[in-house]
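The values are calculated or read from the model by the stated rules, or taken from the named source; none is laboratory data. These numbers come from a predicted model, not from an experiment. Here the Cβ is made from the backbone with ideal geometry for all residues, glycine too, and neighbour counts use every protein chain on show.
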Amino acid sequence: MSTTPGQDSFPVIRAVERLLPSHYAPQEQIIGALRELWATRHYNLERLEELHRSVKVDGRFLALPIGRYPGLATFQQRNDAWIEVAMELGEQVVGKALERAGLTPRDVDHVFFTTVTGIATPSIDARLMNRLRMRADMKRTPMFGLGCVAGAAGTARASDYLRAWKGHTALLLSVELCSLTLQREDLSIPNIIASGLFGDGAACVVLQGSEKAGPASGPRVVATRSVMYPDTERIMGWDVVDTGFKVVLSAKVPQLVREFIRRDVDGFLGEHGLTRKDVKHWVAHTGGPKVLQAFEESLELAPDALERSWASLREVGNLSSASVLFVLGDMLESGQAKPGDWGVMMAMGPGFCGELVLLRW
């Protein structure tokens, strides 16, 4: 039983909305398109195809029709496409999330925006203020560089804000268009794996401080924990090259999960008088098959504990920061959580780092 006092004083997640682009390609179609590109430069196409299939992704939604990608030759062309599509998806998913929560754009006091797949100044959140007719005094916190961890980290930072501003409403908007970062000339193993694993999508979380939300339904963010692992900068991230973002993705990621996640989760829960047995709902970032297996084995989870994460990986791939929010949205829509249930949202990303969020319904 938790010793954490004052449950009703914590910020509440009012709604989570997810949105995918309209262009879908089965994994075999994507492999076929890349095979034509790689055939002139690589002697072992079978090995490249095996790497694609090993990530257990059936297909992905893409920012653009698959036939348009060969025409994006420069970083500017890809980034311009990113801005255009990010604006469209961002506007739609924010509108849907607010509608789900019974709110309007003018009810929003603070927007936290995260991405790692494109750059814009003014940032996407600023550009959406005009489109959505948000208030001129709305606060903004754009975040770049957190990558896969940002869905959990952004939820944590928004809840941090709402602990101080208990009468406010905050949004976390994530837009990731991973397909627009692909380095087609890079035949390194990390890039081949990334080209098979990462997909495109957007998510929006609506949170309210305790004074604003009142007795509203939805999980409360009871606590958060950030963890940095020293000397791991080259585990995951980007190298910024002339053609854009070149992926850095080490095979050591699952090893780091196995080494640290149990210690970190147990320590985090212990501070609140909890153990892993008290947690009924696990919301894990879809980092890939080996990462999900590492979560399951290290935390000794039940066979179906991460089924939503596995399903999301199969259906849409890894959506970077949006991934864990897709899983959270699926969890909320299932209606399985009951009052008093505990949940843990967890993700890992560039730094190398982890983020844990303790939820209670």
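Of note:
- Residues within the stretch 218-232 that are touching a residue at least 24 places away in the same chain (Cβ under 8 Å), assigned to a loop (DSSP other than H, G, I, E, B) and farther than 19 Å from His110 by Cβ, tallied: 3
- Just one of the listed residues (Leu301, Leu292, Leu313) is surrounded by 23 or more Cβ atoms within 10 Å (Cβ to Cβ) and either touching a residue at least 12 places away in the same chain (Cβ under 8 Å) or not assigned by TED's automatic domain parsing to the domain that holds Ala101 (or both), and it is Leu313.
- Counting the residues of the stretch 318-336 that are modelled with pLDDT under 95 and in a loop (DSSP other than H, G, I, E, B) gives 2.
- Some residue of the stretch 250-260 being of a type in the set (Phe, Trp, Tyr), in a helix (DSSP H, G or I) and either free of Cβ contacts under 8 Å to residues at least 40 places away in the same chain or at negative phi (or both): yes
- All of Arg220, Arg276, Arg234 fail the test of being surrounded by fewer than 19 Cβ atoms within 10 Å (Cβ to Cβ) and either more than 27 Å from Arg78 (Cα to Cα) or β-branched (Val, Ile, Thr) (or both), apart from Arg276.
- The residues on offer are Pro21, Pro26, and the sole one that is in contact with an Asp or Glu (Cβ under 8 Å, 6 or more places away or on another chain) and modelled with pLDDT under 95 is Pro26.
- Residue list for the stretch 168-212, filter: among the hydroxyl-bearing types (Ser, Thr, Tyr) and part of a loop (DSSP other than H, G, I, E, B): Ser188
- Residue that is surrounded by the fewest Cβ atoms within 10 Å (Cβ to Cβ), among those in the stretch 126-151 that are in a helix (DSSP H, G or I) and in contact with a Ser or Thr (Cβ under 8 Å, 6 or more places away or on another chain): Gly147
- Flag if Val227 is under 30 Å from His272 (Cβ atoms), among the aliphatic types (A, V, I, L, M) and in contact with an Asp or Glu (Cβ under 7 Å, 6 or more places away or on another chain): yes
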